[in-house]
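Enquirer: Take a look at this one; I'll ask things after.
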Amino acid sequence: MTSIQQVSCHPMTVMQGKRGLVVGIANERSYAWFIAQAILNASGECIFTHLPGEKMERKARMAIEALGVENPTLISMDAASDEDLDKVFESLGEIDFLVHSIAFADKDWLKEGKFAATPREVYNQALDISAYTLMAMANRAIPLMPNGGSIISMSYYGAEKAVPGYNVMGVAKSALESATRYLAMELGDRNIRVNSISGGPLKTLSSMAVGGFSSILDHVEQKAPLKRNVTGDDVGGTATWLLSEMSSGVTGQVIYVDCGYASVGL
């Protein structure tokens, strides 16, 4: 891997020569979309996945083409399927980075007063898609990163503190953050860094499924030190830093990009 001294710090070139997989683009409002935009703007190359089905492929392709990518490499992948994961990673060749930006929980259980009664199958599915898949993808990425690399995932403050309505997803995000630390410890001697970004609330399809989400946005805007909600560009910039050599000494961390909200008490 290129040493930090040899890497240009110009924002347009920090990802030059780097190629990787971005998992999680569903539309132009997702964090994965803004992360991909930042990577591309920094001269990186992205390979993309989409959920199975023609409709999901069409939506993902439209979002990716909006990034200015012509004829994108777009691969169908069901993250709950080991066979699909094998197929995708076996097709990639060498990569320098992996962006894990997927999560799922049954929206019927993302409401206040619905946590204690969470069914076993809902819990297991949330942990599988939202946390286990980071481990599964990282394991398959190891042989594709012979010169080292960087892996990031997306978390949220509900992993650390109880957020009304976040429920089982909060438990899943806690597992994701813990997996980040264990992966970082295990993969460090391969020069593979693993970090997570705890992004503030952003209006996406998945976040709108959380009960009372609009009131969360209002509260953060009032209480965060920057007096605003986070933007996709905020997260995209931090993600690019974590994926580039500019963060070569950073691993096993949860980086808060939430306008300072997580640092405030009352």
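Rule-based calculations on the coordinates, nothing more; no lab input. Nothing here was measured: the structure is a model prediction, and the numbers come from that model. As a convention, Cβ positions derive from the backbone with ideal geometry for all residues, glycine included, and neighbour counts pool all protein chains shown.
Enquirer: Go over the candidates Val194, Val235, Val171, Val230 one by one and state the one that is crowded, with 19+ Cβ neighbours inside 10 Å, part of a strand (DSSP E or B), within 19 Å of the chain's Cα centre (by Cα) and β-branched (Val, Ile, Thr). Steps first, please.
Expert: Numbers: Val235 fails: part of a strand (DSSP E or B); Val171 fails: part of a strand (DSSP E or B); Val230 fails: part of a strand (DSSP E or B).
Of the residues listed, the single one that is crowded, with 19+ Cβ neighbours inside 10 Å, part of a strand (DSSP E or B), within 19 Å of the chain's Cα centre (by Cα) and β-branched (Val, Ile, Thr) is Val194.
Enquirer: Mind listing whichever residues of region 89-136 are in contact with a Leu (Cβ under 6 Å, 6 or more places away or on another chain) and surrounded by fewer than 17 Cβ atoms within 10 Å (Cβ to Cβ)?
Expert: Of everything in region 89-136, just one residue is in contact with a Leu (Cβ under 6 Å, 6 or more places away or on another chain) and surrounded by fewer than 17 Cβ atoms within 10 Å (Cβ to Cβ), namely Glu94.
Enquirer: Of the residues Asn27, Asn41, only one is more than 28 Å from Glu245 (Cβ to Cβ) and within 20 Å of the chain's Cα centre (by Cα); which? I'd like the intermediate steps shown before the answer.
Expert: Details: Asn41 fails: more than 28 Å from Glu245 (Cβ to Cβ).
The match here is Asn27.
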